[in-house]
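Any read-out appearing in this document is the output of simple, stated calculations on the displayed coordinates, not a laboratory observation. Note that the coordinates shown come from a computational prediction; the quantities given were computed from them, not determined experimentally. No Cβ is skipped: glycine too gets one built from the backbone with ideal geometry, and neighbour counts run over all protein chains shown.
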Amino acid sequence: MSIKITSGGMLSTIQDTGRTGAQSTGFSVSGVMDRDAYREANHLVGNINGEAVIEMTYNGICAEFLCDTVIAFTGGDFAPTINGLSVPCYHSVAVKRGDILKMGMTNDSMRCYMAVRGGFDVPVVMGSRSTNMKIKTGGFEGRKLRTGDIIPIGKGITNSIKDRALPKPEYNNEIRVILGPQDNYFTKKGIDTFLSCEYTVSDKSDRMGYRFSGAEIENNGTDIISDGIAEGSIQVSSNGQPIIMMADRQTTGGYAKIATVISVDIPKLAQKKPGEKVKFTAVSLKEAQKEYIKKEKYYRTLFLED
């Protein structure tokens, strides 16, 4: 059971929830950028939460199915077709051996996720199937997918899958943050600027970090003794511009962190394209926890259906 890649697109990799527990030895977590779209894709095909998917950036793959299976696309709409016929995103879709998948460029969001029933059966490395391209580890040979790759598919679970569908999320430009842990390195004016101005996603953004351009964030110097980096940490470099740490982030960093994006807004951020604008809004830790609990309850209920 497998699929054959006939075009790998710009940047398509195998990802799951990431390689946790190894940051102390210098290994990045990696994993999917949009965890919501990832979980929804797995639910649509009847997988347990945690199976590996293909994450596509900006444009999608083309492939031939070498077995019968069930697939689903979530995240951005990359205009997928099977044998020339359009297929909907956020719906389970049955495919047959010999069917041809073609995908185009994004019509909306930055990343699209493709799940297959049983998940993509690449080797588990340090507890994860996620690709880390910087150290050529995990995923499919530690690299992005390219023409000619044959990707194995797992056996999947035994329960029958009826047609499944989920609503496609709508994103606004608000990114909620908790100030700190080093907001004392910034002047009141700098913090007011950060929270009142719009910032534009730079074309230098990638899976490691989202870079922004906008009004300079006034500070008293942002060099610190390097400390740990969490997903969503917002560093401010010497030029006064924010950088948000994402899935392939380094394990430590030496720039002061003005704030941290709350976890429920990371997927929204991961779908922003270069040139799009965001507005940062400060919230309390209690509010962030409330939003997290609400989202986790929703996904637990979703996967109980399986």
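Tally the DSSP beta bridges in the chain and give the antiparallel ones as a percent, rounded to 5. Before the final figure, lay out each step's value.
On the way: 57 of 61 bridges.
The answer is about 95 percent antiparallel.
Sorting 119-125, 91-97, 70-76 by average packing, meaning the other beta carbons within 10 Å per residue, from highest down gives 70-76, 119-125, 91-97. Of the GluC sites (Glu not before Pro) found in segment 125-222, those that fall in a DSSP loop while having at most 11 other beta-carbon atoms within 10 Å are Glu170. Taking a cut-off of 17 Å between Cα atoms, list the lysines near Lys297, but don't count ones fewer than 8 places away on the same chain. Cross-link targets: Lys286. Angle between the Cα long axis of helix 35-44 and the longest principal axis of the chain, 0 to 90 degrees, nearest 10? The angle comes out near 20 degrees. Axis angle, to the nearest 10 degrees, between helix 285-304 and the longest C-alpha principal axis of the chain: 0 degrees.
For segment 2-152, what class follows from the C-alpha gyration tensor (a ≥ b ≥ c being the square roots of its eigenvalues): rounded when a/c is under 1.5, otherwise prolate if a/b is larger than b/c, else oblate?
Numbers: a/c = 1.63, a/b = 1.58, b/c = 1.03.
Prolate shape, in that a/c is at least 1.5 and a/b is the bigger ratio.
Averaging the sequence gap over all C-alpha pairs within less than 8 Å and six or more residues apart, then dividing by the number of residues, gives the chain a relative contact order of 20 percent. By the helix-only formula, in which each DSSP H run with n ≥ 4 contributes -39500 (n - 2.57) and the sum is divided by residues, the chain has a 222 nm mean residue ellipticity of -4500 deg cm²/dmol.
So which of Lys268/Lys294; Lys257/Lys294; Lys189/Lys279; Lys4/Lys134; Lys268/Lys295; Lys204/Lys272 end up more than 19 Å apart by C-alpha? Show your work: numbers first, answer last.
Working: Lys268/Lys294 16 Å; Lys257/Lys294 27 Å; Lys189/Lys279 16 Å; Lys4/Lys134 24 Å; Lys268/Lys295 13 Å; Lys204/Lys272 13 Å.
Cα-Cα > 19 Å for Lys257/Lys294; Lys4/Lys134; rest within.
The share of C-alpha pairs in the chain whose separation exceeds 29 Å stands at 36 percent.
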